[in-house]
Structure formats: structure tokens, C-alpha cells
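Presented below is the structure to which this report refers.
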Amino acid sequence: MRDVAVVAWAQSPCRAANRRDDMAGILLPVIRETVNTVGIDRDDVDFVASGSHDFYEGRTFSYIDSLDAVGAWPPISESHVESDAAWALAEAWSWLQLGEGDIALVYGIGRGSLPADLDQVMPAQLDPYYLAPLAPHRDAIAGLQARSTIEAGLTSEQGMAEVASRCLASALDNPLAQRSEQVDAAQLLEAPYVSSPLREHDVAPVGDAAAVVILAAGDAARRLAERPAWLRGVDHRMDTHYPGVRDLSESPSTGRAAHRAAELAGFSASDVDVAELHTEYSHQEAILSGALGLKGAAVNPSGGPLAGRPATATGLIRVGEAARHILDGRADRTLAHATSGPALQQNLVCLLEGDG
């Protein structure tokens, strides 16, 4: 296995839709920031991988627009995933493992607030025979999962409010967050339900942002960063597509991905200092913490998705935030988690480590 590290990352501020900004316009400043951080030109990048979602754009092959920011001429080695860009990072990591190059650029564009009605978009990811025709609204299945999690004794409405309160307070120090405030959990519990037992604060706000991560292998990583954030273990697994046959209070695929990542890394989730979890709903922190076996780690010190959720870039941001603590010398081992699909259907786990 080659040593591969995150050497730079950046994101644009997460905010509501602005239809005057196209994908390339959102992405270009973020690419410039990352390549300038490590002092390279885009010609030095051997591979480009991206993640986006045509459903949010309302057209096919929408990501092609973003290549104007990447610079696709002369022709480049490029790939795309129709998912969160964390899966593009996993592809780029695998590509670098093959020895085809030394530097990869990974980006995600989240334009989740672009559709006029997300409740008509989100059911498209569900079973086309039984669930999609029912057209459940975007938070309906998450509400079922939250209720299942409470009944399993893993959390409570009070506990969910405390998670949200902590995340929003943490985001006060994050200028890129979409939502941040100092608010007491008791005050949050006075809000009306969105999808019982979920209230507005329990649901990550959908916004628009771009995120970019630069990966480098071996000596290239050591040349580009003073303290690279080495990706010691990366794995992703999935549970069944149909939520009705799962115990929604558990996430077996997260546990399996964490176990395999730990085998590759030589340390487990219980050993990390910081964990950035892709929690689109407050109750999911309890599920993921249990599946990962976290012990004493600071969870989502950036504020996490509850402070802003740019669709298809949120998981990549978790990797960037986890890497930032190592790049800045504030942590030695961190964990990043990403998810895709309804009720934690697909899950990816990265274990990162700095040089001693």
C-alpha cells in the first residue's frame, strides 16, 4: 500500500441558493485556494475526481459545467461519481494506490437548495415499486429512524436537542457555516415538529457550497505539506436499499466499514481525537457513535452538517475537517464519516493520522 495523505482542503461558505452562480463560478475560487496552499499548478494534478447529483440540477451530466473550473483542456484524467464526493475521494485514493500518479484533486459541488421542491426530488432514490410512488417528504424516513432510535434507548428528544445545541454553538467559530447560534436545548424543545420526533434544529439545513481536497502520495505529500494527514484506512459499505427490512436504530455497514478501515490503519475509531460525522439529523450521532465505538473523541467540532449541508459535498467536507486538525497540528488521529442514501444506507469511514 502507498502512503496517501490529504495535503490541502478548502470549501466555499455554505449558503442558500443563488441561481446567478453556476457550478464553475462556485468551484473556481476553492480550487485556486487549495492549489495555492500547496504551491502547485493545475497541470501538476495527475487525476481529478468529483461528486455531484443530476437530480438537484434537474439535468443530465450537469457536472460537465464544473470542468470549466478544473481546466479540462488539454485532456485530463478525470472521473465522476453520482454521489457524495467522499466516494470520489475513495476512488482517487484507490487510483493513487495503483501508482498511476502522485497528486489527485477531489471536489464536490452541493446545490441542494436549487430545486424548487426537494420533496419531489428525494423520493427518486427510494424503491421504485413500493416507496417512490408514496412520495414521502424528505424528512419522513428520518423521522421513522429517529423514533426507532429513541425507542431503542439510544437517545431522547432532550438528547437530540443537546446535540443540536452543541453543534450550533461550535459553528460560531466556523465562518463557512450556514447556521450557527448559541441556543439552549430547552429552548429548542419548544419548536414545533417537522417530522415527529424531529424538529427544525434536528434537521441539517440544505445549502450550496463547493469543497476541494488535494491528495498526494509518498514523497509528493511530504513535499507539499509540513504535516500531511495520512489516510491510513478507507472503506465503505452499504446496507439494504429497502429501509423496511432494516433495524433503523443500527448501522451495520458503518461498523463493517470502520472495522476494515481499522485493519488497514492499525488503529481503530476508539483511538481518534476528533470524529467528523455526516449526521444529517441529530439522532444519527447516537447511532454512528455506537457503530464506530467512539471513546472520548470530540464529535463534529466544526458544527457538522447540522450547521450546513451542501448536498454531495457534505461528506467530503467531513474528510477535510478531520484532516484540518492534523494539518494544523491539533490532533494526531482523526476519523471522517460520510453517508449517502436514506437512513444511513451507505457509509464510508476514513481513519487519518499525522506524523508522530
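Listing for the model above:
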item	result
Ranked list, fewest to most other Cβ atoms within 10 Å of each Cβ, for Met1, Met122, Met238	Met1, Met238, Met122
Inter-label distance for Gln120 and His137, nm, one decimal - labels placed 7 Å from Cα along Cα-to-Cβ	1.6 nm
Pairwise FRET efficiency - Ser270 versus Ala72, Cβ, R0 = 25 Å, nearest 0.05	0.05
Backbone N within the range 251-281 under 15 Å of label point (7 Å from Lys295 Cα along the Cβ vector)	267-274
The range 244-323: trypsin sites (Lys or Arg not before Pro) falling in loop per DSSP and having at most 16 other Cβ within 10 Å	Lys295
Dipole axis of the range 77-144 (+1 Lys, Arg; -1 Asp, Glu on Cβ), positive-most option in Leu89, Gly108, Pro128	Pro128
FRET efficiency, Glu181 to Asp43 (Cβ-Cβ, R0 41 Å, nearest 0.05)	0.40
Kirkwood-type radius of the range 228-356, with distances r between different C-alpha atoms, in Å	14.2 Å
Given charges at beta-carbon only (K, R positive; D, E negative), |dipole| of the chain in Debye	180 debye
Pair Val245, Glu190: separation of 7 Å Cα→Cβ label points (nm)	4.7 nm
Potential lengthening between Glu100 and Arg2 on full extension [0.36 nm per residue; Cα-Cα distance subtracted]	34.1 nm
Per-pair calculated FRET efficiency, R0 = 22 Å: Ile64 and Ala17 via Cβ, rounded to 0.05	0.65
Mean Cβ count within 10 Å, highest first, over the residues of peptides 52-60, 333-341, 163-171, 186-194	333-341, 163-171, 52-60, 186-194
Fewest-first ranking of Ile214, Ile150, Ile109, using other Cβ atoms within 10 Å as the exposure measure	Ile150, Ile214, Ile109
Length-normalised contact order of the chain in % [C-alpha pairs under 8 Å, at least 6 apart]	25 percent
P(r) tail fraction, the range 68-170 - alpha-carbon pairs more than 18 Å apart, %	71 percent
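Values quoted throughout were computed directly from the atomic coordinates according to the rules given, and no laboratory measurement underlies them. Note that this is a predicted model, so its numbers are computed, not measured. Every residue, glycine among them, receives a Cβ derived from its backbone with ideal geometry; neighbour counts consider all protein chains shown.
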